[in-house]
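Just so it is clear, none of the values below were taken in a lab; they were calculated from the coordinates. Predicted, not measured: the structure shown is a model, and the values here were computed from it. When we count neighbours, we look across all protein chains shown, and the Cβ atoms used for this are built from the backbone with ideal geometry, even at glycine.
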């Protein structure tokens, strides 16, 4: 899109924003879905089955993805939607009231900002932002435009996790001193592939957007864009941001830490991946800490068998052997959270929650998951977003943008520390004390026409 067309887009968007109708409690929200890959296809399947929503727009830079989505929508609803190659065309459409963004990470902020300025409410996939600077700009625009924005951290709408966090905040295991997130998600090597001409039907310029222009490469396109710094944030900003959000939640959602340090590497594989497949991060909040670990290689779980069978160290009798209570299989965590308090500890993953208390590791609480619309909590999270679109109260959102940005920012802090190879000390801004190299990584150099 030329600069003249971009100006016309913002002029048309402003007119569309001023004409936005006030929705009634029982009316459906007209949605456009932006990004129709794996996660965008999930958005489509959930929204098209929710009575609160109507999918009226399908946007993707890939013609084949648009055609596939149109077929899915027709099968699910017997209706078709308008198709857009450029998201700005969808944002300028007055029939679109809200957008659901499932683009690669490097597009999350700019797409949301453009949409909010066009008067659209936004559901945006995690992480909230590609870098720390973008998160701050998103918050500014959301406040200026008074748009609702929900980030796809559906753990915040998962009933058993909500109950577990309420219990932890109520003192179930005492005062939390360490919250640990685990992302032991097995990732195979992506191999190596040469650059090739851009395939027909793909607008590669639009796909790259804010990122530097590069020749087309299959490894930088479908899903594997996660593992390149231009477009992704590694697994800590992919799967890991969910567990980071839960780690913060267990601690009462603190602001940014005093210091951050991460170390690791890309081990075992000789391939084109740039981001680490092994990463260990620590965040010091003063009196408590978050520890986060990414491990994409072969590994075992943590948590698991309660430690009642471990011998006591030092003087006194050994702790007697014991097993978990009958009917309660120990929770082994590969992707999830371990929470440590002054009176006990807890384990959580998508299969459930268990809390243990005292020297005897007594099981004091156990919760199992419940199915939501669409089979998981994504439908519940989207329903929460749609309800806020009608109420116009950002406080109704289960993970309001400002909080989701903080969860994403911890992932970015870990990546910055890893990339510069040292501990970071934070000051207001946020900025890093005496570290120009790290401060440069708070933002990025943007391509003309795609500047946040």
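Order 438-449, 58-69 from most to least packed using the mean count of other Cβ atoms within 10 Å. Numbers along the way, then the final one.
Working: 438-449: 15.2, 58-69: 21.2.
Top of the packing list down: 58-69, 438-449.
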Relative packing of 228-234, 261-267, which averages over residues the other C-beta atoms within 10 Å, highest first:
228-234, 261-267
Tell me whether the range 159-367 comes out rounded, prolate or oblate; compute the Cα gyration tensor, take square roots of the eigenvalues as a ≥ b ≥ c, and use a/c under 1.5 as the rounded threshold.
prolate
For the chain, longest principal axis from Cα atoms; helix 159-169 axis from its Cα atoms; angle between them, nearest 10 degrees, is 50 degrees
Diffusion coefficient, µm² s⁻¹, Stokes-Einstein with Kirkwood Rh over alpha-carbon pairs of the chain at 25 °C and 0.890 mPa s
106 µm²/s
On a 0 to 90 degree scale, rounded to 10, what angle separates helix 38-47 from the longest Cα axis of the chain?
80 degrees
Sum of -39500 (n - 2.57) over DSSP H runs of 4+, divided by residues of the chain (222 nm, nearest 500):
-9500 deg cm²/dmol
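Could you work out the relative contact order of the chain? I mean the mean sequence separation of Cα pairs under 8 Å and 6+ apart, divided by the number of residues, in percent. Show your work: numbers first, answer last.
Working: 938 pairs, mean separation 85.8, N = 452.
Relative contact order, the chain: 19 percent.
Exposure proxy check: 79, 52 ranked by fewest other beta carbons within 10 Å?
Numbers: 79 11, 52 20.
Least to most surrounded, the residues fall as 79, 52.
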At a threshold of 8 angstrom on Cα-Cα distance, excluding pairs fewer than six apart, so keeping six or more, what relative contact order does the range 159-367 reach in percent?
28 percent
Nearest 10, in degrees from 0 to 90: the angle of helix 401-420 to the longest Cα principal axis of the chain is 70 degrees
Distance between the C-alpha centers of the range 89-128 and the range 24-63? Whole Å please.
12 Å
